[in-house]
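Values in this text are rule-based calculations from the coordinates and carry no lab data. Nothing here was measured: the structure is a model prediction, and the numbers come from that model. Because the Cβ atoms are built from the backbone with ideal geometry, glycine has one as well, and the counts that use them run over all protein chains shown.
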Amino acid sequence: MTNSTQRTVVITGVGAERGIGRATAHRFAKDGWAVAGLDLDGDASAKLATELTEQYGVPAYGGTVNVADEDSVLAARDAVHNADLPTVGAVLNIAGITSPVPFLDTTLELWNKIFAVNATGTYLVTKAFLPDMISGGYGRIVNMSSVSAQQGGGVFGKTPYSSAKAAVIGFTRSLARELGPTGITVNAIAAGAVDTDIRVQGTTPELEASIVASVPLGRQASVDDVTALFAFLASEEAGYITATTQNLNGGSYIA
């Protein structure tokens, strides 16, 4: 794997203690990357940055961002630029929210909120840091989608979530084609059920058991399963892989 403190990885959604973003930040710091962790919870991001520097000896920055708000994203970008970190070499769009609300119970406000965080947030953060990767001559963009986008829900999040995550896949493919001549790759990870805190509200032991029963490998993904894929897709070894949707679902969805 590529491990270089000469490159910084920008990761959104690092605040949750049992979340993919936080675990991924630890994986990249362990591999030698400098880390810029961003989250709506700026205190959690700052705490994480201190942990990474103390544990792995890499430069790290933790800041606040509302990925759905352009001014907030641009302010976070400027803060990362002012944090004396190496050139940005990867952007991991992990921040996301889900919703188990049945379609006829949804509101336009809910629909817009789910899209704003999952889809618009991916667009805004990518656009903010893309010039850094172009000028630096190295770029890996990895976007968090979901198996729900591929199979039409069926895990936890319902129609607004599945639709927003499908938009992430379309964004990934189109941007990958557009950025091909620059050498910057763009990929998506379509994860199945992952053992994190994102599904705490609304889930039940019965639902969790049914999810596991639907997976041929007989378990949910661990955060380590996900972080390993992020690390590979951000590496130099993955330089010929772009415009893909990487299925990480234990065989629950077979395309």
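Here are the numbers for the structure shown:
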item: Least to most buried among 85, 38, 233 (fewest other Cβ within 10 Å first); result: 85, 233, 38
item: Reach of residue 127 by Cα under 12 Å, taken over aspartates and glutamates that are not fewer than 8 positions away in the same chain; result: 70
item: Size of electric dipole in segment 7-248: Cβ of Lys, Arg +1 and of Asp, Glu -1, about Cα centre, debye, nearest 20; result: 580 debye
item: Of the DSSP H helices in the chain, those whose Cα atoms cover at least 20 Å axially and whose Kyte score averages 0.5 or more; result: 121-136
item: All lysines inside 20 Å of residue 158 as judged from Cα atoms, apart from same-chain residues fewer than 8 positions distant; result: 113
item: Simple Cβ-charge dipole of segment 82-179, Lys/Arg +1 and Asp/Glu -1, about Cα centre, in debye nearest 20; result: 240 debye
item: The chain - percent relative contact order, Cα under 8 Å, separation 6 or more; result: 19 percent
item: Positive-end residue, the chain charge dipole about Cα centroid, Cβ charges, pick of 32, 143, 254; result: 254
item: Under 16 Å from residue 30, Cα to Cα: aspartates and glutamates that are on another chain or at least 8 residues apart; result: 51, 54, 224, 225
item: Cβ-based charge dipole, segment 7-248, positive-most Cα from 14, 163, 93; result: 163
